[in-house]
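Here's the structure, in structure tokens; my notes come after.
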4 protein chains.
Amino acid sequence: MKAVMKKKPAKGFELGDVEVPEVKDGELLVKVKATSVCGTDVHIWKWDEWAQKRIKTPRIIGHEFAGEVVELGKGVEGFKKGDMVSGETHINCEHCFQCRTGNGHICENVKLRGIDVDGCFAEYLTMPAGTAWKNDPKIPLEVMSAQEPFGNAVHTVYSGKVAGQTIVVMGCGPIGMCAAALCNATGAEKIFVVDINDYRLGLAQKLAGNSSSITLVNAAKEDPVKAVLAATGGRGADVVLEMSGIGECLRQSFKMVRAGGRVSILGVYSGEVPLDVTDGIVFKGAIVNGVNGRLMFDTWFRSAALLRSGKVDLSRIITHKFNGLDKMDEAIEVMASGKSGKVVVFP
Amino acid sequence: MKAVMKKKPAKGFELGDVEVPEVKDGELLVKVKATSVCGTDVHIWKWDEWAQKRIKTPRIIGHEFAGEVVELGKGVEGFKKGDMVSGETHINCEHCFQCRTGNGHICENVKLRGIDVDGCFAEYLTMPAGTAWKNDPKIPLEVMSAQEPFGNAVHTVYSGKVAGQTIVVMGCGPIGMCAAALCNATGAEKIFVVDINDYRLGLAQKLAGNSSSITLVNAAKEDPVKAVLAATGGRGADVVLEMSGIGECLRQSFKMVRAGGRVSILGVYSGEVPLDVTDGIVFKGAIVNGVNGRLMFDTWFRSAALLRSGKVDLSRIITHKFNGLDKMDEAIEVMASGKSGKVVVFP
Amino acid sequence: MKAVMKKKPAKGFELGDVEVPEVKDGELLVKVKATSVCGTDVHIWKWDEWAQKRIKTPRIIGHEFAGEVVELGKGVEGFKKGDMVSGETHINCEHCFQCRTGNGHICENVKLRGIDVDGCFAEYLTMPAGTAWKNDPKIPLEVMSAQEPFGNAVHTVYSGKVAGQTIVVMGCGPIGMCAAALCNATGAEKIFVVDINDYRLGLAQKLAGNSSSITLVNAAKEDPVKAVLAATGGRGADVVLEMSGIGECLRQSFKMVRAGGRVSILGVYSGEVPLDVTDGIVFKGAIVNGVNGRLMFDTWFRSAALLRSGKVDLSRIITHKFNGLDKMDEAIEVMASGKSGKVVVFP
Amino acid sequence: MKAVMKKKPAKGFELGDVEVPEVKDGELLVKVKATSVCGTDVHIWKWDEWAQKRIKTPRIIGHEFAGEVVELGKGVEGFKKGDMVSGETHINCEHCFQCRTGNGHICENVKLRGIDVDGCFAEYLTMPAGTAWKNDPKIPLEVMSAQEPFGNAVHTVYSGKVAGQTIVVMGCGPIGMCAAALCNATGAEKIFVVDINDYRLGLAQKLAGNSSSITLVNAAKEDPVKAVLAATGGRGADVVLEMSGIGECLRQSFKMVRAGGRVSILGVYSGEVPLDVTDGIVFKGAIVNGVNGRLMFDTWFRSAALLRSGKVDLSRIITHKFNGLDKMDEAIEVMASGKSGKVVVFP
């Protein structure tokens, strides 16, 4: 089968021709129908410092997908041939402390698809049935594939209260866009979306159906801390969702959150971040939570419900579609350009 | 001043002419601009068994209102003349265990406006500043007045998760209508609204903007338990909000809630209700919570945010408006007819 | 192997001689070292109405045990031969909605050990590795076996706050005794233990180390509602744990809980229970939760920690030990007499 | 009356002779019977950078006390002459957003006793009745006074789960000692107490009744991160309570907390603290909360219950008692020496 791979430790991907993987006990063999590109894939493509440390070659890349079950390993229950599935990226062990207490997303032995094990930029992949999600066939293929990053947004947004709250989304990549739309669709009073990329800010607004609850803040043009404090009479936002991965934005988050408020952090930072813990967390009595992956599978049930009901229409931010795995380089370049929402490739 | 009163222990109200109440330390004197009718007022008007036990005459009736601050007692902070306020019905003591632990709504010494102390079906009323809520002047007067029952719905709905959930609202009076609209505006996937009054079911749908997430169930025509189980593949609803006050509806609530689900009860029942606690609560591992009043003032902040943002437009269910306190009998009759949403009287 | 069985639909048990069960993929074969008797086993022995409806013969009985892993099925991870394990009674499917959202204890396809599948009153049993719990070898065998009902108490007690609370335990069987001791060991200010059996009340006090926080209430001699209200200045208890399974005790629970308090129900009632929902739940703004089984495996981790640390010493209520499965009738009779704590049989 | 004051902006305190303050509406006049010294008082005495910025002279110092109500202002309810009271240090406005949502401890207009308004190192003080706490007369005077810092510990410890958890207390001042004892008395399995002061570590152990659950770690002699990881099989602690106010200890907290664990921060840091947010919070999916003051008055109710029940005996760490306000310099010096627990002065 064809597969987009990192064959050797160097920049770029190669289109390989490899054996269809063999399905083991408890696994599904899935024919990939759609796959989408994550910022992580761009890091691996670029072969940056993080990727060099983390990825062992050869490796098939990719973790966002939708596909059809074509074969079932021994002992699989709850799935059948023909089911259209997506998959958790966090392949958990099911027997560690975290897995046994409902926290498989932070499994002590977790392996990440497309990083630690072979991924979905391929014609087929195998996966433990315990990491598979059965889709409602009415949802479009590309939306099924984009559910994984959508789930990151769902996990972050619903770490606390939303309805009636004033919420800031720092960083407007696809997950930030989803977060803003979720906040709007589920009752936030005001949502500030902060980025320096007007194209992406525009997509957030579009995904949120041009709701008047959304305020776009281009941080290159105005100070987001001042904007939020001014709009809240100096009190600050109830909730800040830090999705930029930029240290300065995290520092700003603690300046713009109100006393007793919440800062949920999905961003990943290069190096340590100096924080004013005293004024930003302690005196404010603030709540901070780190967000990793998606609750398995609470987040998926909730995500699917929100998509099925039409409360969020993810197809609005699927800006690019490519046919054929040989177009993956183009897909990566579009994603890296900053002029895209979600980029989908149909193998 | 004119005031709608229960002067003696008998059916009906009388329009009295009484002194404007004197403002005491810590109180506000408020000129009533709009007042609305609650089912409780109808009970008092009818002078039913509950009312006969509870109300001591003479008493000015009414607890939903909006009015202008015209005088401030000594020591009041946070309000000024000209503020447009509404008020908590629960007049709490501020020094009991409940009040000192953030639960003033279940104050051990609570007095209810329009029941234990004089109410707002009058030209003026006094109130402790600690029970007043300052309105955003952009909100229409009649909506300000209807915030109090809206707050009951807010308190009930947000006792637990809403976004992505399947929710049943049992009983479609004005509070049930508000609950359905809130669930829809804040991300519930499916909302079943159950009543036997098609007029009121229609109002719920209207308040929810005719959302396709709403399913109306006329319990006179179909079994709501069967309807909910069928729509959820036999699993049951994630959440049931019991707002009918009918014992049989409460019994049905425990049949239609899923294992691990939530039943929030705002209804008030005449007599004991026989419940299948074993199958309905214990084996299901269900959560049940009783709802009384509104969180002071967490609910009011959230309610105001939802109204300001336009996520719920309460004016859609304000079906009747009357000018003059002398129209109160008409207002009560409309309310008792079942052919109304919220009924507002401008004194 | 020898096994205590219900061979035919009639009162009593028989000691059978059956094949050692074959271990399947994902299962453990366990040599039973200790097993303990639950009230449920007594119901099955007596062959009461519930048992007649629920049990299909032939069936090996029993669900509380500790044993040694002697063989591992294919694909098992996290266990090895020689491990001393106990087991969850709730054998969950791992693929339903409940299992996939961390609520395996209320699995939609749950099978109960010793009821729906063969149990542990035998020399050997097989079990899915996913339902096994690896014990710290320092814990005595009989305590390992009693962890299962101890877990019921842990699940119930920690459904909400404990430290500094006034708590009532209604019903003083072994689980009630455990609950009282847990409340005492984890900071409750006052614990009222209610039963009509002085022997068992005495065991509760012993298990709680004769703590002065414990007050025993013999409901045959004094009204527990009056006792609790008197001791709390009329306010009521913060928490009531209903573990008696008697309708009248449940009714009393709602009379003795304070406004804003919690009633956690583990009891199983024959038939419906008429409840004053209005005064007992709604006006009080009370929280009620049903308790089924143990959180898998959050409860087990917590239980083991409490046992390891010596905060609760379960051996204090293990009143009877028998050697040999042929003594099971004696064990059942002791358990049925009401003059026992936990009764353990070493096969 | 006599009062220990900062009369002018310089090091040290002076014993002044001032008028007994006049009781205003809603206030209590209290005759101070016992007062205790906090680390903050030492900072003010030393006149360090923080104190120079914050304190305006003249000011009576002190915020921990117990005293007798000798006069009541107009409108006070819930107190009477002769009541023995202690007081919240956070004097809240009662009308801001925080106060109206049950978060008076982070009031937007808060004034701190002994810092922003006159304190209790005096023969008398006045206080709003809303900030007073009525003591059980059975509790010793010096313990009543020490309830305020004890409440800081209660607020921090019960920000999350305790029973069955492995908990690290970083920093062993009086609040750290209380935290360790609370964890022990309310069911933590293992408690690591970290400091470099063996005298204070010893006091923590004493306060916790020499429980075997306590492990003392002198950070000058061993690496607390290594110690905690080793004792937890590499997993890390369930909970870390950062009470040292030292940046490096906060950094260590995020290294020793397990995935999904909690870090509660009461410490106050000079300057920003560089944190590994990515590994320490985000990937771990950790929960962090800042702790300021005490929940008003939820924390006080819980604290009093724990003291009344004898679960924690604060008198064990009251190491020094002085008679007379003229001994305040001695008291401060003892406190600054590091060779003390709680230091109490009887005016």
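Number of residues in segment A:267-318 that are open to solvent by 10 Å² or more (accessible area, probe 1.4 Å), closer than 19 Å to A:G173 by Cβ and part of a loop (DSSP other than H, G, I, E, B): the value is 5. In this structure, is C:P174 in contact with a strand residue (DSSP E or B) (Cβ under 8 Å, 6 or more places away or on another chain) and either surrounded by 23 or more Cβ atoms within 10 Å (Cβ to Cβ) or without any contact (Cβ under 8 Å) to a residue 40 or more places away in the chain (or both)? Yes, satisfied. Being within 14 Å of chain D (Cβ to nearest Cβ) and buried (at least 16 other Cβ atoms within 10 Å of the Cβ) is a condition met by no residue of segment B:29-51.
Can you confirm whether C:G151 is more than 13 Å from chain D (Cβ to nearest Cβ), under 18 Å from the mean Cα position of the chain (by Cα) and on the phi < 0 side of the Ramachandran plot? Judged against the criteria, C:G151 is not a match.
The one condition from (1) basic (K, R); (2) open to solvent by 50 Å² or more (accessible area, probe 1.4 Å); (3) away from chain C (no Cβ under 14 Å) that D:K342 does not meet is (2). The residue list C:E108, C:E68 contains one member that is out of contact with any Phe, Trp or Tyr (no Cβ under 9 Å at 6 or more places or on another chain) and of a type in the set (D, E), which is C:E68. Contact map, segment A:257-279: residues that are at pLDDT 95 or above paired with residues that are surrounded by fewer than 17 Cβ atoms within 10 Å (Cβ to Cβ) and part of a strand (DSSP E or B), Cβ distance under 8 Å, separation 6+ or inter-chain. Pairs shown: A:E272/D:P274; A:V273/D:P274; A:P274/D:P274; A:L275/D:P274.
Being in the same structural domain as D:V32 (by TED's automatic domain parsing), touching a helix residue (DSSP H, G or I) at 6+ places or on another chain (Cβ under 8 Å) and open to solvent by 40 Å² or more (accessible area, probe 1.4 Å) is a property that holds for D:E94.
Evaluate the following for C:A34: is it more than 18 Å from C:Q147 (Cβ to Cβ), of a type in the set (A, V, I, L, M) and modelled with pLDDT of 95 or more? No, not satisfied.
Taken together, the residues in segment B:298-339 that are of a type in the set (D, E) and within 14 Å of chain A (Cβ to nearest Cβ) amount to 2. All conditions in (1) β-branched (V, I, T); (2) surrounded by 21 or more Cβ atoms within 10 Å (Cβ to Cβ); (3) at the interface with chain D (Cβ under 10 Å from one of its Cβ atoms) hold for B:T101, with the sole exception of (2).
Counting only helices (runs of 4 or more DSSP H) that sit wholly inside segment C:182-266, those with at least 3 residues that are in contact with an Asp or Glu (Cβ under 7 Å, 6 or more places away or on another chain) and open to solvent by less than 30 Å² (accessible area, probe 1.4 Å) are C:247-256. Do we have C:C107 as over 27 Å from C:G176 (Cβ atoms), within 14 Å of chain A (Cβ to nearest Cβ) and buried (at least 21 other Cβ atoms within 10 Å of the Cβ) here? Judged against the criteria, C:C107 is not a match.
Look at (1) under 15 Å from the mean Cα position of the chain (by Cα); (2) within 14 Å of chain C (Cβ to nearest Cβ); (3) open to solvent by less than 30 Å² (accessible area, probe 1.4 Å); (4) not small (G, A, S) and you find that A:Y158 fails only one, number (3).
I'd like to know if segment A:240-263 contains one or more residues that are of a type in the set (D, E, K, R), more than 7 Å from every other protein chain (Cβ to nearest Cβ) and touching a Lys or Arg at 6+ places or on another chain (Cβ under 6 Å).
Step one: of segment A:240-263, the residues of a type in the set (D, E, K, R) are A:242, A:248, A:251, A:255, A:258, A:262.
Then keep just the ones that are more than 7 Å from every other protein chain (Cβ to nearest Cβ); that gives A:242, A:248, A:251, A:255, A:258, A:262.
Applying the additional criterion that residues be touching a Lys or Arg at 6+ places or on another chain (Cβ under 6 Å) yields A:258.
Taking every residue of segment A:240-263 in turn, at least one turns out to be of a type in the set (D, E, K, R), more than 7 Å from every other protein chain (Cβ to nearest Cβ) and touching a Lys or Arg at 6+ places or on another chain (Cβ under 6 Å).
Taking first residues from segment B:223-249 that are assigned by TED's automatic domain parsing to the domain that holds B:G160 and partners that are outside any helix (DSSP H, G or I) and open to solvent by 40 Å² or more (accessible area, probe 1.4 Å), the Cβ contacts under 6 Å between residues at least 6 apart in sequence or on separate chains come to B:G245/B:V268.
Take A:A304 and tell me if it is under 19 Å from the mean Cα position of the chain (by Cα) and closer than 25 Å to A:W50 by Cβ.
When the stated conditions are applied, A:A304 does not pass them.
The condition (being more than 26 Å from C:I91 (Cα to Cα) and outside the structural domain of C:G234 (by TED's automatic domain parsing)) is satisfied by just one residue among C:K138, C:K206, C:K134, C:K190: C:K138. Looking at segment A:15-26, is at least one residue in contact with a helix residue (DSSP H, G or I) (Cβ under 8 Å, 6 or more places away or on another chain), open to solvent by 30 Å² or more (accessible area, probe 1.4 Å) and within 16 Å of A:G114 (Cα to Cα)? Yes, segment A:15-26 contains at least one residue that is in contact with a helix residue (DSSP H, G or I) (Cβ under 8 Å, 6 or more places away or on another chain), open to solvent by 30 Å² or more (accessible area, probe 1.4 Å) and within 16 Å of A:G114 (Cα to Cα).
The values are calculated or read from the model by the stated rules, or taken from the named source; none is laboratory data. Keep in mind it's a predicted model, so treat the numbers as computed, not measured. All Cβ positions, glycine included, derive from the backbone under ideal geometry; neighbour counts span all protein chains shown. What goes into the accessible areas is simple: the full protein's heavy atoms, side chains included, and nothing from ligands, DNA or RNA. Shrake-Rupley method; radii C 1.70, N 1.55, O 1.52, S 1.80 Å.
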